[in-house]
1. For the stretch 162-171, give me the residue count where each residue is touching a helix residue (DSSP H, G or I) at 6+ places or on another chain (Cβ under 8 Å) and surrounded by fewer than 16 Cβ atoms within 10 Å (Cβ to Cβ).
2. Only residues that are part of a helix (DSSP H, G or I), hydrophobic (A, V, I, L, M, F, W, C) and either surrounded by fewer than 12 Cβ atoms within 10 Å (Cβ to Cβ) or out of contact with any Phe, Trp or Tyr (no Cβ under 9 Å at 6 or more places or on another chain) (or both): list them for the stretch 145-161, please.
3. Which members of the stretch 74-104 meet the condition of being more than 15 Å from I131 (Cβ to Cβ) and among the polar types (S, T, N, Q)?
4. Please determine, by comparing only the residues of the stretch 70-85 that are touching a helix residue (DSSP H, G or I) at 6+ places or on another chain (Cβ under 9 Å) and touching a residue at least 24 places away in the same chain (Cβ under 8 Å), which one is surrounded by the most Cβ atoms within 10 Å (Cβ to Cβ).
5. Specify the residue that is farthest from D76 (Cα to Cα); the eligible residues are those in the stretch 108-130 that are in contact with a Leu (Cβ under 7 Å, 6 or more places away or on another chain), crowded, with 17+ Cβ neighbours inside 10 Å and of a type in the set (V, I, T).
6. Just checking, does the stretch 125-135 include any residue being over 23 Å from F5 (Cα atoms) and under 14 Å from the mean Cα position of the chain (by Cα)?
Amino acid sequence: NEMAFYNNENLIFLDETGFNGHLKGSYGYSPIKVSAYKNVSANRGTNRSLMCAILSSGVAAYSYKTGSYNSNTFIDFIISELVPYFNENRNKVLIMDNARIHKTDEVQRILREHNIAFRFTVPYSPQLNPIEEFFSMLKAHYNSAKVLTPTLSIESILDTIFENNTFSVQCTGFFRNMRNWLEKLQEEIHLFNK
């Protein structure tokens, strides 16, 4: 895997995830002899998609929209969020999973046109993609905040989470986990090729 040749500081992982008003915690706390429960509307509401890029020291860029991202809205994200970041950080490499919108000719053309180096993860290898752990942690933060502030919009809750956290320590840990998996994978490949 090519990621082994790059320092963590030079890798930026990008992916998208969804949020809905129905995201909820699986447990809660309440006073003694009082059940902990929450009524949730049967109407699923509108989905919000978060596009996010992380590095080992925290969040590089993010944006959200109603509904899912497609290649056009992904290109908008690249131009508005990634191009300015990569213009100031030329030695970084963008790592994306194999989602169809990441692999279109137009997306790849725009990345090349703006001199953004990019690679794709090994298919079906979430353990090699630190942003998967990041999203899991982010959704836990979101679920906790949603219980405490149920009337706030998804965007308001996420903005507050992003504004109040650098996620530096967590991202460093997620990247360390990725490196541990990468080392295990390289050992297995080495043993297999003997």
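Taken together, the values in this text are just the output of simple stated rules run on the coordinates, not laboratory data. In this text the structure is predicted, and so the values were computed from the model without any measurement. As a convention, Cβ positions derive from the backbone with ideal geometry for all residues, glycine included, and neighbour counts pool all protein chains shown.
1. Result for the stretch 162-171: 1.
2. Correct list: A145, V147, L148.
3. Hits for the stretch 74-104 are S80, N87, N89, N91, T104.
4. Here the answer is L82.
5. Among those that are in contact with a Leu (Cβ under 7 Å, 6 or more places away or on another chain), crowded, with 17+ Cβ neighbours inside 10 Å and of a type in the set (V, I, T), it is T121.
6. Yes, the stretch 125-135 has at least one match.
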